[in-house]
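Just so you know, all these numbers are worked out from the coordinates, no wet-lab data involved. Quick caveat: nothing in here was measured; it's all calculated off a predicted structure. Please note: Cβ atoms are built from the backbone with ideal geometry, for glycine as well, and neighbour counts cover all protein chains shown.
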Number of protein chains: 2
Amino acid sequence: MFNERSLTISQECEECPIRHRAVCARCETDELERLEQIKYYRKFEAGQMVIWSGDKMDFVGSVVSGIASLTQTMEDGRTQMVGLLLPSDFVGRPGRATAAYDVVATTDLVMCCFRKTPFEEMMANTPHIAQRLLEMTLDELDAAREWMLVLGRKTAREKIASLLTIIARRDATLHLKAGSGIEGPIVFDLPLTREAMADYLGLTLETVSRQITALRKDGVISLEGKRHVTVPDMERLMEEAGDDSDGGLLV
Amino acid sequence: MFNERSLTISQECEECPIRHRAVCARCETDELERLEQIKYYRKFEAGQMVIWSGDKMDFVGSVVSGIASLTQTMEDGRTQMVGLLLPSDFVGRPGRATAAYDVVATTDLVMCCFRKTPFEEMMANTPHIAQRLLEMTLDELDAAREWMLVLGRKTAREKIASLLTIIARRDATLHLKAGSGIEGPIVFDLPLTREAMADYLGLTLETVSRQITALRKDGVISLEGKRHVTVPDMERLMEEAGDDSDGGLLV
DNA sequence: CGGAGCGTTGACGACCTTCAACCTCTGTGG
DNA sequence: CCACAGAGGTTGAAGGTCGTCAACGCTCCG
């Protein structure tokens, strides 16, 4: 296979699609210039490992495009996804030498990376970066806790509906920037295989498949192919997820 | 009942039991003096609500002694504990106006509080506080993700063993400060009711009770009363938890 | 064509929940 | 002083949800 890791991708920070949501969101022009000097891009193909748990982690970075997943694995092979990394999400922990989780490219993936030491130095004298990272970490903590409720207390059907809700909501905030209302059917593609969904939800892939079929038969969603989903009534889906229909706190 | 909230408790930061682990851990003497001016203590009795989810949250603070829990509740009453707050843990989110979770005093509780606005102002010009808060938040995120594996993939027996392991480990790091080895039996009291354990583990209280009985019958633990636990062989307990026996990353 | 990857469906059974009875301990009031 | 209620906990029986094992379909690709 062609190793794409070494590809050089040139991109100005000012035109970066994640400029205003990533760890650099609050940086001023001069700060951005310094970041620009130490950044480099890496590409991964779908399915490729980005980092192995326990390995030395000599870089940190942001997801620019594509999706990556954070997973934990037990000795006997049971695995649980503990995070879904979307564009602008941050990978790596300043101050820690080794990776705590496996990071896998779920789709083709582009990351904007910094070697750890220069980044940590910049963080020390650039409050804007540390502030933004704190904000992002607090958001992730909220998302993780939200997910604990899903894992601990929801039924298989509710779990699927919850996942679909999250993906639909994220897609909505991405696409319709203008406040074109949340009415009408919502359409999106599942970025995950049935197995990845199962790992996310603490289910087996068979149960995921069955519950998706059930939601389809009950008219909550409709499918074209395996991955293309239409949600005719978003409120209905959220009821199935067991959430308040007035929308969660998290975006 | 006697309302203990208004009690004044005087305590010097320098002599504070959580001085070196809490959000103020990195503060210099002068920074500590400023914190001392805006801090105040609050006491809660076991079972008392500290904050209701959705309520306006006009303070933040640290747990000084006792245990509090963070819980989420669904409309139909299902509840999931999403965090266990031990001494030195931080409560509240700078930058957010309302509480995202219920906070309940699980035992009698003392908190060191700051009104939110003055604290946020201090944070803005005291990097030591923001740095420490970032560190603590990253630790909490790790703990939450560890817990996602427990909730999503472990059996009831493994869940109980995991909880016991966490409590035992924490108790060990608290008590034997000198490196007196991790050999020999470990003894501690459960700070949670069976119901609270169930809420933490995503189980019913009956299942918790049955699995504790099973672990006792199998000699993994022994009990005096309902709450006093002896672990004769810590390694055995960790095997039951499904963890690597060589100890997790998290303390 | 054969195989791999992804997905669906069925049969069966284990694990856990649900519902219920009962126990112990503690504090309260007659 | 005892009765009683309530909280916390244990145990049993029955049933449902979801996991396991297996067969099969589809699409893509060498």
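Things to note:
- Label geometry 7 Å along the beta-carbon vector: A:GLU33 inter-copy distances in nm: 4.0
- Along its principal axes, the stretch A:59-137 has C-alpha extents of 44, 26, 22 angstrom, given from the largest down.
- Hydrodynamic radius (Kirkwood) for the protein assembly as shown, which is based on Cα pairs only, to one decimal in Å: 24.5
- In the stretch B:107-153, Rg over Rh equals 1.15, where Rg is the alpha-carbon radius of gyration and Rh the Kirkwood radius from pairwise Cα distances.
- Across all C-alpha atoms in the stretch A:4-147, the radius of gyration and Dmax reach 14.9, 50 Å.
- Efficiency of FRET between A:GLU121 and B:MET74 - r from beta-carbon atoms, R0 51 angstrom, step 0.05: 0.65
- Counting 0.36 nm for each residue step from A:GLU33 to A:LYS56 and taking away their Cα separation leaves a gain of 5.5 nm.
- Kirkwood analysis of the Cα pair distances in chain A returns a hydrodynamic radius of 19.5 Å.
- Out-of-range pairs (alpha-carbon distance over 29 Å; input A:LYS43/A:LYS226; A:LYS154/A:LYS226; A:LYS116/B:LYS39; B:LYS43/B:LYS226; A:LYS159/B:LYS159): A:LYS116/B:LYS39
- 10 Å Cβ neighbours from other chains, averaged over peptide B:132-139: 5
- Rg to Rh quotient for the stretch A:155-240, alpha carbon positions, Kirkwood Rh: 0.95
- Working from Cα pairs under 8 Å separated by at least six residues, relative contact order for the stretch B:155-240 is 40 percent.
- Mean partner shielding of peptide B:195-208, defined as the number of other chain Cβ atoms within 10 Å of each residue Cβ, is 1.
- Ranked by how many other beta carbons lie within 10 Å on average, peptides A:193-201, A:45-53 from highest: A:193-201, A:45-53
- Peptides A:132-138, B:33-39 ranked from most to least packed, by the mean per-residue count of other Cβ atoms within 10 Å: A:132-138, B:33-39.
- Calculated label separations, B:PRO118, copies of the chain, 7 Å along the beta-carbon direction, nm: 4.4
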